[in-house]
Amino acid sequence: MTDTILVLTEDTLASADVANLVSLHPDETLVYRVLVPADTSRNLLVSLVDQLSLGELRDALATVLRREPVPTQAKATAADQLAESLAAFTEAGRTATGEIVDDDPLPALRAAVAVGGVREVAVVTYPHAVEDTFHTDWASRAREVLQVPVLHLYAGTSELG
């Protein structure tokens, strides 16, 4: 059985993100399984603080005006992100599968690990000032409940979260 690296991402994985993931195990044959949550609900205050701390003024305004995606729009966006992420793995010469999961991805992570064969979990997100500071981010929550190593990478960089 080939070991699986479970990848949870909040956005499309760029080629740089895939290269970072692949570089962690360059000489091994691994399968990657990508999970992309359909973001249908957001915490208004947390989103606003994150966006302002990152200088994302347009996104902050949209948050204040409550321009949240409807479920069908969120699922369509997640499907596009998943397809592009899988294509990036293919371009890197790696095998990858994936699926769209609910807003809270922890149950999907638990289920995937319970099936077996998952060597580790890689969580790829943008920095989130509130969640990262108070360890309520996906990676911190996953570390508390999963029995596999969990790595947190910031999207588009080689920085660890």
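Could you list all residues from the stretch 72-95 that are open to solvent by 70 Å² or more (accessible area, probe 1.4 Å), in contact (Cβ under 8 Å) with a residue 40 or more places away in the chain and over 16 Å from Val31 (Cα atoms)? Once the filter is applied, which keeps residues that are open to solvent by 70 Å² or more (accessible area, probe 1.4 Å), in contact (Cβ under 8 Å) with a residue 40 or more places away in the chain and over 16 Å from Val31 (Cα atoms), the stretch 72-95 yields Asp80, Glu84. Only a single criterion out of (1) under 12 Å from the mean Cα position of the chain (by Cα); (2) closer than 17 Å to Asp11 by Cβ is not satisfied by Leu106, namely (2). Is it true that some residue in the stretch 96-113 is open to solvent by less than 50 Å² (accessible area, probe 1.4 Å), assigned to a loop (DSSP other than H, G, I, E, B), at pLDDT 90 or above and of a type in the set (D, E, K, R)? No, the stretch 96-113 contains no residue that is open to solvent by less than 50 Å² (accessible area, probe 1.4 Å), assigned to a loop (DSSP other than H, G, I, E, B), at pLDDT 90 or above and of a type in the set (D, E, K, R).
Among residues of the stretch 114-161 being among the polar types (S, T, N, Q) and modelled with pLDDT of 85 or more, the one that is most open to solvent (accessible area, probe 1.4 Å) is Gln147.
The values are calculated or read from the model by the stated rules, or taken from the named source; none is laboratory data. None of the values given here were measured: they were computed from a predicted structure. Reconstructed Cβ throughout: ideal geometry from the backbone, glycine too, with neighbour counts over all protein chains shown. Ligands, DNA and RNA are excluded from the accessible area calculation, which covers all protein heavy atoms including side chains. Shrake-Rupley method; radii C 1.70, N 1.55, O 1.52, S 1.80 Å.
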